Amino acid sequence: MEHGSFLPAALLLLGAMVLAVPLAQRAGLGSVPGYLLAGILVGPSVLGLVDEHELIAVAGEFGVVFLLFVTGIELSPARLWLLRRLVFGLGGLQVLATAAVIGVLALAVGAGREAALIVGFGLALSSTALVLQVLAERKELGTPAGRAGLSVLLLQDVAVAPLVSLVYFLGPDDPNASAQDPLLGPLRSLALLAVFLVAGRFLLRRALPVVAQSRNADVLVATAVLLVLGAAWLMQEAGFSMALGAFLAGVLLADSPYRHQVVADIQPFRGILLGLFFLTVGMSLDVAAALERWHVLLMLTCGFMVLKAAIMTAAARLFGLPLDQAVRTGLQLSQGGEFALVLFALALGQGIFDAQLHALLLQMLVLSLLLAPLGFLVGDLLARRFQDAANPLLDVIEVEPDLEGHVLLCGYGRVGSQLGNVLEAAGLRWVAADMRPETVQLARLAGLPVYFGDASRPSILESLRVEHAVLAIVTLDDADAAERSVHAIRRHAPDCRILVRSPDLLHADLLLKHGATRAVPETSEYSLQLGLAGLAELGVEAQRLEEIETAFREEGYSRLHANRAGIPQRR
């Protein structure tokens, strides 16, 4: 590759990322399908704007290296221990069961034993980057399906290093190896891994404090990059892959006291590195070959996604998830994963796959990632259908037919549950609606009037007799959901007073326009309470504190808001 051709190719890659991803997100596809589509368009198979195969290969390899480093550094032992039952139980069951079923099917259609094993384990993996991004955007990481999906993805991340080693173990024997001692190669590899981990941990504990004392963030970032690339190079020299070295470097940093600083420093580059990886995957796709056998490709991809979703759903049910949440989890994890792309590329390089099998698997994985948003949509639809059958405590809302003069709580999380205690202490009747099945189930078992439902739906509000309520309090931390609830309550019960929680003053103003009687901005209220507590510590009299508090609230926190914006206020 000539040096002059590098810059135009790099600019085209970055331009494709900047243009395609926002368009894909607006279409509801997400960023990962956007990267893939951008790579397909600018790659050699379609427009041919970037046909520098050397650039594609190098960029893709470094994308994988940094992808696995970020994955390894997030695998903190504390996080794994907290979710140990779901991580090692549910996650292990899903990976082993899916790998076994798909591996047997691959054997049945004529794949070799080694190839079938790698195909099974590779297709059992899901896309950590795509699933976690969608769950975070939808604020579903705290739901049963979100926690189950996170746990399974963590186990799959942990399994990456053993699976990479398995590919090398199943590869052709080294002609220079001793025929009389077939265990010599694996033992040597394990010994090198042990030396790397022990030496790396020893050096990190001594090197990072010295670097941190310099108080220079650039030096710390450079040290992290040096660690990644150095580990990748050492593992490559030892006969492993660069990706495995980067993953292990991340694991070594996972329980380091400097982990959070390194993560914060590399966070701005994470999206670009992930995007670069998926972009090069799209560029590597042979679109013409995929179109020639599109019907077979579509049938195989949909078949493995349905099979994978069914196994995940069954495993989630065995671990006690309600039917609706189990179905949602299964369809959320039905697509292929980025680590499967890494495994299959290694298998091709080791001679376990031929080029034809690798091309077919690559096409299936890319298509499954493009179909992933459809999996989330179908999961939502089926989850709603199975919701009634999932838990008898969630099936109907049955409040007392003469209920009136009560308070309606929209949301029964930490804030809502505390409000329920306050209302009970005041002798007021109340009912609550919440969208988290496990929260509703626990509250109902405790005999509390908490029901499953979306407080923005007229049918739910009618069932909770909102038109007879004296007050509705919206405690939702999701700004959009809070707006929808306020709007629905005001339309259904024009005379009901509505008190709503808001993140800040700007959103509070918007909620007031939607019909809220009063909006309490969290940041301003917290600031006011902290300020009053500080004044009390300084000896200001209680009467004066009450006057200050009343004045700030009557002014709608305007002086607090102005101070936050850096505008001085005097009175």
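Taking the conditions exactly as written (part of a helix (DSSP H, G or I) and either modelled with pLDDT of 75 or more or exposed (fewer than 12 other Cβ atoms within 10 Å of the Cβ) (or both)), does residue 153 satisfy them or not? For residue 153, the condition - part of a helix (DSSP H, G or I) and either modelled with pLDDT of 75 or more or exposed (fewer than 12 other Cβ atoms within 10 Å of the Cβ) (or both) - is met. Of the residues that make up the stretch 503-519, is at least one surrounded by fewer than 18 Cβ atoms within 10 Å (Cβ to Cβ), in contact with a strand residue (DSSP E or B) (Cβ under 7 Å, 6 or more places away or on another chain) and charged (D, E, K, R)? Yes, that holds for at least one residue.
For the stretch 258-281, the criterion of being out of contact with any Cys (no Cβ under 7 Å at 6 or more places or on another chain), assigned to a helix (DSSP H, G or I), of a type in the set (Val, Ile, Thr) and at pLDDT 75 or above is met by at least one residue. Quick check on the stretch 418-467: of everything there that is under 17 Å from residue 482 (Cα atoms) and of a type in the set (Asp, Glu), which residue is surrounded by the most Cβ atoms within 10 Å (Cβ to Cβ)? Within the stretch 418-467, the match that is surrounded by the most Cβ atoms within 10 Å (Cβ to Cβ) is 434. If you check 483, 467 for being under 19 Å from residue 415 (Cβ atoms) and in the same structural domain as residue 419 (by TED's automatic domain parsing), only one passes: 483. Just for strands (runs of 3 or more DSSP E) wholly inside the stretch 404-463: which have at least 2 residues that are over 17 Å from residue 496 (Cα atoms)? Ranges flagged: 450-452. Residues that are at pLDDT below 75 and in contact with a Ser or Thr (Cβ under 6 Å, 6 or more places away or on another chain) number at least 1 in the following helices (runs of 4 or more DSSP H) confined to the stretch 20-85: 53-73.
Within the stretch 289-306, residues that are within 27 Å of residue 94 (Cβ to Cβ) sit with their Cβ atoms under 7 Å from residues that are not in a helix (DSSP H, G or I), at 6+ positions apart or across chains, in these pairs: 305/334; 305/335. The set of residues in the stretch 103-150 that are surrounded by fewer than 16 Cβ atoms within 10 Å (Cβ to Cβ), among the charged types (D, E, K, R) and in a helix (DSSP H, G or I) comprises 113, 137. When 465, 457 are checked against the criterion of being in contact (Cβ under 8 Å) with a residue 40 or more places away in the chain, out of contact with any Lys or Arg (no Cβ under 7 Å at 6 or more places or on another chain) and among the basic types (Lys, Arg), a single residue qualifies: 465.
The values are calculated or read from the model by the stated rules, or taken from the named source; none is laboratory data. All values derive from a computational prediction rather than experimental measurement. As a convention, Cβ positions derive from the backbone with ideal geometry for all residues, glycine included, and neighbour counts pool all protein chains shown.
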